[in-house]
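Below is one structure, written out as structure tokens, with a few remarks after it.
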Amino acid sequence: MIAFDNTYARLPARFYTRQAPVPVAQPERIVVNEALARELGIDPAEISAELLTGNVVPEGAEPLAQVYSGHQFGNWAGQLGDGRAILLGEVVGARGRRDIVLKGAGRTPYSRGGDGRAWLGPVLREYVVSEAMAALGIPTTRALGAALTGEEVIRERPLPGAVLARVAASHIRVGSFQHFAAAGDREALAVLTDYTLARHYPEAEGPLGLLEAAMRSQADLVARWLGVGFIHGVMNTDNMALSGETIDYGPCAFMDAFNPAQVYSSIDHLGRYAWNAQPGIAQWNLARLAEALLVLIDADEQAAVAAAGEVLAGFGEMFERAHLAVFRAKLGLQRAEPGDKALIEGLLGRMASSRADFTLTFRALASTGDASAYITDPGAWESWAPDWRARLAREAGDPGRIMRATNPAFIPRNHQLEAMIEAALEGDFAPFHRLCSVLARPFDDQPEARDLALPPKPGEEIRQTFCGT
Ligand code: AMP
Ligand code: MG
């Protein structure tokens, strides 16, 4: 028995549509995340293929599709909603309340032209990358399991259908607020604000308190993304969670060679969601959240705009602080000194001009203190390293230890993900399981997995990722 304790299903009917998963032909379990199941108080043996695909709806579940709206690539897209995800319900685990969602579970009233399904590739990709994020210590939705449906889905070609069971602190998005603001539904906004505060930020108060708490968690999240070379790829307002978790692993990617303006998503032609654009986009999305909350902030619109603007103006400093904290730790610095920002920028600038592998450069700093094999521009390493060494000399303790716990040896690299998916399409899930197990310990040197620490060889580079849902 899964001990569901559903609160979203108690919210007003206009927050969702009750919708059962659409059964599939032949459920087949690919993987169950046993550790996560136990953390949620669920016996892993209960997570059957039938449960994962939605063929069996467990007792206590109250399946529903949430409604939300949003801006996509800066344009108002109107109503979106769960087009292929169904919330089974909530459980209260060791780390608090969690949603359990089946992604790819069939059409809902919000599917628009879509089939409500997912194919194996993105399901395995999200499984591996979201679990890798969790192991890196970065707030994220998790993967509880995956199953094949025994049905084909048609994308550019027929592909095996699959479902991912996703676990999240909640699925409340900036777009959830925008949805009710666009409808002029002040009452729903007030309910959603109270619900979100109670669920995520019980210490905060009112719409401005919520805005500030969301800003803080996004500043922290995006700083951590930058610290591992992560590019989300679709930071639309419907893909930004109020919980501060990374959500939606569509066209995301971890960078190999460092290029601050790196983009992988095939549809991000203008680089809107490039690596270095992410803090600005987070702020843009938060401004949309603030707009949605205006009617709750003050009955006088001008006063509301002024109050929200004052809170929003704090984002730059919040982000700067979070960013410095992340990169200081990457350089082994525990104390703060005024020159730290320049030291960090000096390194990143040299990494960019050498096209240094982001992960291996920092790992080299952590393990040997010598990144000259990656920062190869003539004189570049020699012109930076002495300043760093002098700065490290003013630190107490063992910086190497902090650095090895901060700079991973392993990230989910694109070319490995692609190879893993190719193998799975041939029926070989060994590379998938191997990636999962190595990426569960990203800070440990795992000599037997040295091949997975390597960047792509010439010809192996993946230049584009696809929403490919
Ligand atoms: P995403 O790009 O994953 O953030 O999805 C944006 C919107 O498109 C959301 O409302 C999704 O539910 C919807 N969507 C994406 N793929 C499908 C699909 N295969 N069937 C139905 N809706 C979908
Ligand atoms: Mg989405």
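The values are calculated or read from the model by the stated rules, or taken from the named source; none is laboratory data. Computed from a predicted structure; not experimentally measured. Cβ placement follows ideal geometry from the backbone for every residue including glycine, while neighbour counts extend to all protein chains displayed.
Checking G332 against (1) closer than 17 Å to A223 by Cβ; (2) surrounded by 15 or more Cβ atoms within 10 Å (Cβ to Cβ), which test does it fail? Answer for G332: the failing condition is (1).
Just need a number here: residues in segment 47-78 that are away from ligand 2 (no atom under 15 Å from the Cβ) and more than 19 Å from D99 (Cβ to Cβ). Reasoning before the result, please.
We begin by selecting, within segment 47-78, every residue away from ligand 2 (no atom under 15 Å from the Cβ); these are 47-64, 74-76.
After this cut, where a residue has to be more than 19 Å from D99 (Cβ to Cβ) as well, the list is 48-50, 55, 74-76.
Selection size over segment 47-78: 7.
Please work out which one of (1) closer than 20 Å to G316 by Cα; (2) of a type in the set (G, A, S); (3) surrounded by fewer than 19 Cβ atoms within 10 Å (Cβ to Cβ) is the condition A213 fails and give its number. Answer for A213: the failing condition is (3).
Among the listed residues A366, A393, which satisfies the condition of being out of contact with any Lys or Arg (no Cβ under 6 Å at 6 or more places or on another chain) and under 29 Å from G346 (Cβ atoms)? Working first, answer last.
Values: A366 fails: out of contact with any Lys or Arg (no Cβ under 6 Å at 6 or more places or on another chain).
It is A393.
Applying the criterion of being outside any strand (DSSP E or B) and within 12 Å of ligand 1 (Cβ to nearest atom) to the residues of segment 124-168, the residue that is surrounded by the fewest Cβ atoms within 10 Å (Cβ to Cβ) is R155. Using the structure shown, decide if G70 is of a type in the set (G, A, S) and touching an Asp or Glu at 6+ places or on another chain (Cβ under 6 Å). For G70, the condition - of a type in the set (G, A, S) and touching an Asp or Glu at 6+ places or on another chain (Cβ under 6 Å) - is met.
Of a type in the set (F, W, Y) and crowded, with 22+ Cβ neighbours inside 10 Å - does that describe any residue in segment 194-208? Reasoning before the result, please.
Filtering segment 194-208 down to residues of a type in the set (F, W, Y) leaves 195, 201.
With crowded, with 22+ Cβ neighbours inside 10 Å added as a condition, the list becomes none.
So far as segment 194-208 goes, no, none of its residues is of a type in the set (F, W, Y) and crowded, with 22+ Cβ neighbours inside 10 Å.
Taking first residues from segment 36-48 that are within 13 Å of P58 (Cα to Cα) and partners that are of a type outside the set (D, E, K, R) and assigned to a loop (DSSP other than H, G, I, E, B), the Cβ contacts under 8 Å between residues at least 6 apart in sequence or on separate chains come to I42/I2; E46/M1; E46/I2; E46/P58; S48/P27; S48/V56. Within the set P408, P378, the sole residue that is within 22 Å of the chain's Cα centre (by Cα) and assigned to a loop (DSSP other than H, G, I, E, B) turns out to be P408. Residue count for segment 116-141 under the criterion of being of a type outside the set (A, V, I, L, M, F, W, C) and either away from ligand 2 (no atom under 16 Å from the Cβ) or in contact with a Pro (Cβ under 8 Å, 6 or more places away or on another chain) (or both): the result is 5.
Listed by position, the helices (runs of 4 or more DSSP H) contained in segment 173-260 that have at least 2 residues being in contact (Cβ under 8 Å) with a residue 60 or more places away in the chain and either aromatic (F, W, Y) or assigned by TED's automatic domain parsing to the domain that holds A135 (or both) are 174-182.
Here's the yes/no breakdown for (1) in contact with a Lys or Arg (Cβ under 8 Å, 6 or more places away or on another chain); (2) under 24 Å from R157 (Cβ atoms):
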residue	(1), (2)
V56	no, no
A61	no, no
G83	yes, yes
L87	no, no
V91	yes, no
G106	yes, yes
P109	no, no
G116	yes, yes
W119	yes, yes
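Considering only segment 156-172, I want to know if a residue exists there that is closer than 19 Å to V295 by Cβ and touching a helix residue (DSSP H, G or I) at 6+ places or on another chain (Cβ under 9 Å). Yes: one or more hits. When segment 194-242 is filtered for residues that are away from ligand 1 (no atom under 16 Å from the Cβ), in contact with a His (Cβ under 9 Å, 6 or more places away or on another chain) and either within 30 Å of L360 (Cβ to Cβ) or hydroxyl-bearing (S, T, Y) (or both), the ones remaining, listed by number, are S217, A219, V222, A223, W225, L226, G227. Do we have A390 as small (G, A, S) and farther than 28 Å from D268 by Cα here? Answer is yes for this residue.
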